[in-house]
Amino acid sequence: MLGSIEETNLCKIMLRNRVLAFLVLTAQLLVMVPETSAKVLALIVFGDSTVDSGNNNQISTVLKSNFQPYGRDYLDGKATGRFSNGRIAPDFISEGLGLKNAVPAYLDPAYNIADFATGVCFASAGTGLDNATSSVLSVMPLWKEVEYYKEYQTRLRSYLGEEKANEIIKESLYLISIGTNDFLENYYLLPRKLRKYSVSEYQDFLIGIAGDFVKDIYRLGARKMSLSGLSPFGCLPLERTTQIFYGSKCIQEYNNVARDFNTKMNEKVSKLNKELDGLQLVFSNPYDLVSEILNHPEAFGFENVRSACCGTGYYEMSYLCDKMNPFTCSDASKYVFWDSFHPTEKTNAIVASHVLKYDLSRFQ
């Protein structure tokens, strides 16, 4: 009996020693695992109205959305200047990366550098890659967004110190969404005889600017970037309205331009990754996903893809989409588009989820 007890105790000691040895070995292995390059300390946003969280509120332009019914389904029901009934794609992406659930606008006086340390938006609704595009509605050109970003870096270094600030700059994810306005607010508004470029030449011109922009923020320390392509903008309700006598069909010419632009941009992204040491630039192409949503809306829980929720849904945007308009829908989740140019919060969430899963997985 005594022998069996001793044997049992011996077995317990041996088992305990094996467990301890395993834990020590595991700890040693964990120490040996290099720090992952996938961490994201902040989300920094550049671009147009698809990603502007309220910068246009603070500049002199008619293109604003800081009034109801914009924002009616936002976190606190407030109209922040986001062109949506609620949150926009960067907000969902930020949350998906384990950061905050909404990215503040840099020009919003309600926020300070402490808020911006984990995410900040420099985007301006109505802007484009081409400086001429920003002049149409008197919004911030892309170069001005970069100037504000430089100012942000200075403020960040004063707030956190050189070392910590540089770490955030390097380990941030830079989200860039821009380009649609260059075609719809600029190129296609000009009479053909006044256009300096063919469509293909203009695409090349814009892609050259995009490449220069990536190099600019790369020189400023950015390394992780996501450059978004164009969605089928010929299917926006505002564009369908021009085809109202033809069954409100999408303008296929515009969609072809968006698709070709994306092909060229993808090639540019590949070249930049080879050219710039340490750059991690991904191309996020929403074209196929948005096309799938528009062609099979019921699969995503939508009922309406032709018109928007706000107003009649055919032409209203910004000040034409206000709380006095009696036609605004009661449930935006049934609609792909919130106003005639911008998606609903639900659409933004679907696109952001897709981007996180398929394009930004390397950064998570």
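Determine which member of the set Lys274, Lys264 is open to solvent by 60 Å² or more (accessible area, probe 1.4 Å) and either more than 19 Å from the chain's Cα centre (by Cα) or at pLDDT below 95 (or both).
Result: Lys274 is the single residue among Lys274, Lys264 that is open to solvent by 60 Å² or more (accessible area, probe 1.4 Å) and either more than 19 Å from the chain's Cα centre (by Cα) or at pLDDT below 95 (or both).
Every residue in region 277-294 that is surrounded by fewer than 19 Cβ atoms within 10 Å (Cβ to Cβ) and part of a loop (DSSP other than H, G, I, E, B), please.
Asp277, Gly278, Leu279
Quick check: anything in region 186-198 surrounded by fewer than 17 Cβ atoms within 10 Å (Cβ to Cβ), without any contact (Cβ under 8 Å) to a residue 40 or more places away in the chain, of a type in the set (S, T, N, Q) and not in a strand (DSSP E or B)?
yes
Identify the residue in region 238-261 that is basic (Lys, Arg) and touching a residue at least 12 places away in the same chain (Cβ under 8 Å) and, among all such residues, is surrounded by the most Cβ atoms within 10 Å (Cβ to Cβ).
Checking each candidate, the answer is Arg240.
I'd like to check something: does region 230-240 contain any residue that is among the charged types (D, E, K, R), within 30 Å of Glu151 (Cβ to Cβ) and part of a helix (DSSP H, G or I)?
no
Restricting to region 159-208, name every residue that is in contact with a Leu (Cβ under 7 Å, 6 or more places away or on another chain) and of a type in the set (A, V, I, L, M, F, W, C).
Correct list: Ala165, Ile168, Leu173, Leu175, Ile176, Ile178, Leu206.
Taking region 210-224 only, how many residues are in contact (Cβ under 8 Å) with a residue 40 or more places away in the chain and either open to solvent by 40 Å² or more (accessible area, probe 1.4 Å) or among the hydroxyl-bearing types (Ser, Thr, Tyr) (or both)?
Residues flagged as in contact (Cβ under 8 Å) with a residue 40 or more places away in the chain and either open to solvent by 40 Å² or more (accessible area, probe 1.4 Å) or among the hydroxyl-bearing types (Ser, Thr, Tyr) (or both) within region 210-224 amount to 5.
The values are calculated or read from the model by the stated rules, or taken from the named source; none is laboratory data. As the structure is a prediction and not an experimental result, all values here were calculated from the model. All Cβ positions, even for glycine, are placed from backbone atoms using ideal geometry, and neighbour counts span all protein chains on display. With ligands, DNA and RNA removed, areas are computed over all heavy atoms of the protein, side chains included. Shrake-Rupley method; radii C 1.70, N 1.55, O 1.52, S 1.80 Å.
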